[in-house]
1. For the range 19-37, how many residues are farther than 16 Å from residue 48 by Cα and either assigned to a loop (DSSP other than H, G, I, E, B) or within 9 Å of the ligand (Cβ to nearest atom) (or both)?
2. Could you tell me whether any residue of the range 80-92 is in a loop (DSSP other than H, G, I, E, B) and in contact (Cβ under 8 Å) with a residue 24 or more places away in the chain?
3. Quick check on residue 357: is it in contact with a Pro (Cβ under 8 Å, 6 or more places away or on another chain) and either of a type in the set (Val, Ile, Thr) or part of a helix (DSSP H, G or I) (or both)?
4. Could you go through the range 38-50 and let me know if any residue there is within 16 Å of the ligand (Cβ to nearest atom), part of a loop (DSSP other than H, G, I, E, B) and not basic (Lys, Arg).
5. Please enumerate the residues belonging to the range 173-187 that are of a type in the set (D, E, K, R) and outside any helix (DSSP H, G or I).
6. I need a count of the residues in the range 95-140 that are part of a strand (DSSP E or B), buried (at least 24 other Cβ atoms within 10 Å of the Cβ) and of a type in the set (Ser, Thr, Tyr).
7. Which one of these is open to solvent by 30 Å² or more (accessible area, probe 1.4 Å) and either polar (S, T, N, Q) or in contact with an Asp or Glu (Cβ under 8 Å, 6 or more places away or on another chain) (or both): 468, 422?
8. Quick check on residue 324: is it in contact with a Phe, Trp or Tyr (Cβ under 9 Å, 6 or more places away or on another chain), open to solvent by less than 50 Å² (accessible area, probe 1.4 Å) and under 29 Å from residue 203 (Cα atoms)?
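The values are calculated or read from the model by the stated rules, or taken from the named source; none is laboratory data. Note that this is a predicted model, so its numbers are computed, not measured. Methodologically, a virtual Cβ is constructed for each residue, glycine included, from the backbone with ideal geometry; neighbour enumeration extends over all protein chains shown. For the accessible areas, the whole protein counts, side chains as well, though only heavy atoms, and no ligand, DNA or RNA atoms are used. Shrake-Rupley method; radii C 1.70, N 1.55, O 1.52, S 1.80 Å.
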Amino acid sequence: MEQAEIGLIGLGVMGANLSLNIAEKGNKIAVFNRTTEVTKKFYADAGALQGQIIPCETMEDFIKAIRPPRPIIIMIKAGDPVDQQMELLKPYLSSGDIMIDAGNANFRDTMRRFKSLEGSDLTFIGMGVSGGEEGARHGPSIMVGGTEDSWKRVEKVLTSISAKFNGEPCVDWLGENGAGHFVKTIHNGIEYADMQMIAEIYGILRDGLGMSAAEIGGVFGRWNEGRLDSYLMEISEKVLKANDPISGKPMVDVIVDSAGQKGTGKWSVIEAQNMGVAATAIEAAVAGRVLSSLKSERQAAEKILGKPALVERPKDGMAFLADLELALLAAKIGAYAQGFAVMAAASKEFGWNLPMPTIAKIWRAGCIIRSQFLDEITSAFSKDPNVANLIVTPAFSQLVKETDGALRRIVSYAALNGLPAPALTSALSYFDAYRRGRGTANLIQAQRDFFGAHGFDRLDGVDKHHGPWGSGLADFA
Ligand code: NDP
C-alpha cells in the first residue's frame, strides 16, 4: 500500500475537516482518533476522498501508514491531552519525525514542549489554525512556529490546504518555538475585541434606537459593502436576519446573553500585561464576556439599581448611523493596533523577529478576523515594519483623524444613555492617551514619591528626584 505523506491524530470538528482538506488537495493522509468509532465514521463519510485517506485503529498501524520522516498533526483538545498524546506517540517515532500541535495551545506550553524535545532527534511545530470548521475544510489561515528547516518540510502541504487571498497563501513561518501559537492567541484576542465592538454597536441600535434584529442585520449588511467588509460583519448580518424555527422569533432574541470563552482572549490580556503593553480594548472585550456570564447577578442588580433611562435620541438618524459605522472602524483600528503592539513586544522578549506584514497578510483570508481592512494593515506594515504603533503609520493616522470624532460622539451617546460600550470606550481612551505628549502620570509619580519615596525624573533634567513632602526625603535640598 502506498504510504501517506502526512498523518493526523484527532478527528474532532477541526481534525476531521482538516483531514478532508488535506486529502482533497491531493495529499495522501493517515488518520487516527482515540475513539475508534469516530475514525470509522469519519472514513465512512469521506465519500470520494476515501482513496486519499488511510484510517488507522492502532498507533502501530498509523505509524506504519506514514512515510518517514513523518509529519504528524495533533489536532486534539488543548492542554494535558496534547502532552498525553505526545507521550503515547513518542515510542513509535523515529529520527526526523515532526509532531505538529495544531490546537489552540498556550504558547508557554508550546515552548515547554520544544524544550522537552531538545537533544532528541524528534522535531516539534506549534501551529495556530484559524477559520473554524469551514476554514479547516476549505482553507484556514495557518500560523507556523518552529525551526525554519521544519517549516520547509511541511510548507508544500500546508500551502496546498491554506486559504488564499488574491492567490497568495494564508500560511507562513512566523518564527521559532512558540511564535505560531503566540500569534494565534493574539489573533483570538483581536477577534474577542472585534466581536465585542460589533455587539456593543448592536446594543446601541437595539436598546438606543429600538431597531429590530432584522433591521440591524440590514445595517450591518450595508456596512459590509464598505470599509467594514469582513467575515464577522458578514456573519453578524446573517445571524441577525435568521429566525428561530421553534418560536418564529429572530434567532438572536431567543439566545441567552451570556458568552462563553475558552482561554485565548484571557491569555492575550495576561501576556499583554506581562509585557507591559496596553491592550485595553482586548481587556474590555474579555471583561465584557465575564460580565455577560453573570446573568443572574445582572438581573438582580437591574432590580436594585434600575436600568439607566434613555435621555437622548439622535436628531438625525442617517447621520447617527454614519457615525456608528465610522466609530466601529475607529475602534477596530485601536484593537488591531493594540494586538500588533503586544506581538511586537513579544517578538523582542522572545527573540522571534515576528514579521508584522506577513502576519497581517496571512490573516487576510481563512481566519475569523479576515477582512479587507487587514490588506490595509499589510500595506502599512510593509512600508514600515518597525513602526512603534499602527496608528502612527501615514495611512492609519489619517484614518484615525477621519474617524475618531465619530467614535467620540458614539461613546458620548452611549454614556449619556447608559448603554454599555466598554470596548468602544477603551479604544477611544487609548487614542486619547497615546497621542497626548504631556499626560497626567506626573501626579502619580509625585504620589508614589510621597508615600513610598520612589523618586521621579524632572522635566528640566535637574538631578533632584524627590519632592518637598516630608522630613524623611533627604534628597530634596
Ligand atoms: P473537538 O471537541 O471537536 O474534538 C476533540 C478531539 O480531541 C477529539 O478527536 C478527541 O478524541 C480528542 N481528544 C480529547 N482528549 C484527548 C486525549 N486525552 N487524548 C487524545 N485525544 C483526545 O475539538 P475541536 O476539533 O473543535 O478542537 C481541536 C483543537 O483545535 C482544540 O485545541 C481547539 O481549541 C482548536 N481549535 C478549534 C477551533 C474550532 O472552531 N472548533 C478553531 C481553531 C482551533 P475522542 O473522539 O476520542 O474524544
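1. Matching residues across the range 19-37 total 5.
2. First, the residues of the range 80-92 that are in a loop (DSSP other than H, G, I, E, B): none.
Looking through the range 80-92, none of the residues is in a loop (DSSP other than H, G, I, E, B) and in contact (Cβ under 8 Å) with a residue 24 or more places away in the chain.
3. Details: in contact with a Pro (Cβ under 8 Å, 6 or more places away or on another chain): yes; either of a type in the set (Val, Ile, Thr) or part of a helix (DSSP H, G or I) (or both): yes.
So residue 357 passes the test.
4. Filtering the range 38-50 for residues within 16 Å of the ligand (Cβ to nearest atom) gives 38-46.
Now restrict to residues that are part of a loop (DSSP other than H, G, I, E, B): 45-46.
With the extra rule that they be not basic (Lys, Arg), the set shrinks to 45-46.
Yes, some residue in the range 38-50 is within 16 Å of the ligand (Cβ to nearest atom), part of a loop (DSSP other than H, G, I, E, B) and not basic (Lys, Arg).
5. Going through the range 173-187, the residues of a type in the set (D, E, K, R) turn out to be 176, 184.
The one that is of a type in the set (D, E, K, R) and outside any helix (DSSP H, G or I): 176.
6. The qualifying residues number 1.
7. Values: 468 fails: either polar (S, T, N, Q) or in contact with an Asp or Glu (Cβ under 8 Å, 6 or more places away or on another chain) (or both).
Answer to the check: 422.
8. Details: in contact with a Phe, Trp or Tyr (Cβ under 9 Å, 6 or more places away or on another chain): yes; open to solvent by less than 50 Å² (accessible area, probe 1.4 Å): yes; under 29 Å from residue 203 (Cα atoms): yes.
In short, yes.
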